[in-house]
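> Right, I'll just put the structure down here and ask away after.
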Amino acid sequence: MYVLPSLLVYLLSNITSHISCLVSLVLRLLWSALNRLWALRNNTMATNSSSTKVMLPKLQEDGSNWVMYKERIQNHLTSKGLLCHYSGTARKPIEIEEKNGKVHKKGNATAMTDDEFEAYLDSIDTYAQKEAQVKEVLYDTLTKTVTLQIKGQPTAAEAWKKLTTIFESKGDMTITDTLAKLASTHYVDGNDMHAHIATLLELRERLAEMGHSIVDQQFSTYVRTSLTPDY
């Protein structure tokens, strides 16, 4: 008569234990599913954010839009936290070496701990990613010919420096040529006056894009000297 209650207690105890394990398992599965959903949501948001691509200007090979291009690219890179990488102030993490089966920072006798090694790998990865981001912006906004001139540079800063060296002088030459064209453009009697003025305005706008603005008074002088004596 006393066996049955003991058996029931045993069975109830086991059932309670199984239910507890089952509840714990269900909770873990729910938590895991929620984490996956949250990660998926974050990835979707990141994808949507990255898909809103900023439209950056393409650099003209003659350097005619160099001033505007330079301003836009520098502003864009700075907004992405990449100022140090195109200006040349970013420092590459110190190299490591293996001694007696242990990893050391070069020139350091003390071996790195596992945490230090993991942090080092993260810093190398971050540095390489940011370098690649700068170069990707440049490659995406340059012609193939210009890209080939800078792609061999070891760092993003050196690639930017070489691009600047090439186009600072080229931009000055283009400004000089455009000013000469503005000064030598003359109206011919019988031609369309509106078309003539439109040509002068286009040259003025082109100069403004190069960072060389022509004030109204100066432009009026160009217009007057471009006309025939009858005007």
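Computed from the coordinates by the stated procedures, all read-outs in this text should not be read as laboratory data. Owing to the predicted nature of the structure, the values given are computational and were not obtained by experimental measurement. No Cβ is skipped: glycine too gets one built from the backbone with ideal geometry, and neighbour counts run over all protein chains shown.
> Go through (1) more than 19 Å from the chain's Cα centre (by Cα); (2) part of a helix (DSSP H, G or I); (3) farther than 24 Å from Gln218 by Cα; (4) not aliphatic (A, V, I, L, M) one by one and return the number of the condition Gly190 breaks.
(2)
> Of the residues Thr185, Thr178, which single one is surrounded by fewer than 17 Cβ atoms within 10 Å (Cβ to Cβ), in contact with a helix residue (DSSP H, G or I) (Cβ under 7 Å, 6 or more places away or on another chain) and over 30 Å from Glu131 (Cβ atoms)?
Details: Thr178 fails: surrounded by fewer than 17 Cβ atoms within 10 Å (Cβ to Cβ).
It is Thr185.
> State whether the residues of the range 80-90 include one that is loosely packed, with under 11 Cβ neighbours inside 10 Å and under 26 Å from the mean Cα position of the chain (by Cα).
Just the residues of the range 80-90 that are loosely packed, with under 11 Cβ neighbours inside 10 Å, to begin with: 81, 89.
Retained after the next criterion (residues that are under 26 Å from the mean Cα position of the chain (by Cα)): 81, 89.
Yes, that holds for at least one residue.
> Restricting to the range 120-143, name every residue that is part of a helix (DSSP H, G or I) and closer than 18 Å to Ile73 by Cβ.
Taking the range 120-143 first, the residues part of a helix (DSSP H, G or I) are 120-141.
If the condition is that a residue be part of a helix (DSSP H, G or I) and closer than 18 Å to Ile73 by Cβ, then Lys130, Glu131, Ala132, Gln133, Val134, Lys135, Glu136, Val137, Leu138, Tyr139, Asp140, Thr141 are the ones that fit.
> If I filter the range 146-155 for residues that are farther than 30 Å from Lys102 by Cα, among the charged types (D, E, K, R) and part of a helix (DSSP H, G or I), do I get at least one hit?
Going residue by residue through the range 146-155, those that are farther than 30 Å from Lys102 by Cα are 146-153.
Adding the requirement that they be among the charged types (D, E, K, R) leaves 151.
Retained after the next criterion (residues that are part of a helix (DSSP H, G or I)): none.
Within the range 146-155 (the criterion being farther than 30 Å from Lys102 by Cα, among the charged types (D, E, K, R) and part of a helix (DSSP H, G or I)), the answer is no, since none of the residues qualifies.
> Name every residue in the range 78-107 that is among the aliphatic types (A, V, I, L, M) and in a helix (DSSP H, G or I), in order of residue number. Don't jump to the end; show me each part of the working.
Quick first cut of the range 78-107, residues among the aliphatic types (A, V, I, L, M) only: 82-83, 90, 94, 96, 103.
Passing the criteria: only Leu83.
Here is a yes/no grid of residues against (1) of a type in the set (Ser, Thr, Tyr); (2) under 17 Å from Tyr86 (Cα atoms):
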| site | (1), (2) |
| --- | --- |
| Ala128 | no, yes |
| Leu138 | no, yes |
| Ala195 | no, no |
| Glu202 | no, no |
| Leu207 | no, no |
| Met210 | no, no |
| Thr228 | yes, no |
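> Failed condition for Ala198, given (1) closer than 21 Å to Trp66 by Cα; (2) in a helix (DSSP H, G or I), with all others met?
(1)
> Take the residues in the range 91-118 that are closer than 30 Å to Lys161 by Cβ and aliphatic (A, V, I, L, M), then tell me which one is surrounded by the fewest Cβ atoms within 10 Å (Cβ to Cβ).
Looking at the filtered set, the residue picked out is Ile94.
> Can you tell me which residue in the range 58-79 is farthest from His212 (Cα to Cα), limited to those that are free of Cβ contacts under 8 Å to residues at least 40 places away in the same chain and loosely packed, with under 14 Cβ neighbours inside 10 Å?
Start the filter on the range 58-79 by keeping residues that are free of Cβ contacts under 8 Å to residues at least 40 places away in the same chain, which leaves 60, 71-72, 74-75, 78-79.
Restricting the remaining residues to those that are loosely packed, with under 14 Cβ neighbours inside 10 Å gives 71, 75, 78-79.
Details: Glu71: 14, Asn75: 20, Thr78: 24, Ser79: 26 Å.
Per the stated criteria, the residue is Ser79.
> Please tell me if Thr145 is exposed (fewer than 11 other Cβ atoms within 10 Å of the Cβ) and touching a residue at least 40 places away in the same chain (Cβ under 8 Å). Write out each step before concluding.
Details: exposed (fewer than 11 other Cβ atoms within 10 Å of the Cβ): yes; touching a residue at least 40 places away in the same chain (Cβ under 8 Å): yes.
Considered against the rule, which asks whether it is exposed (fewer than 11 other Cβ atoms within 10 Å of the Cβ) and touching a residue at least 40 places away in the same chain (Cβ under 8 Å), Thr145 comes out as yes.
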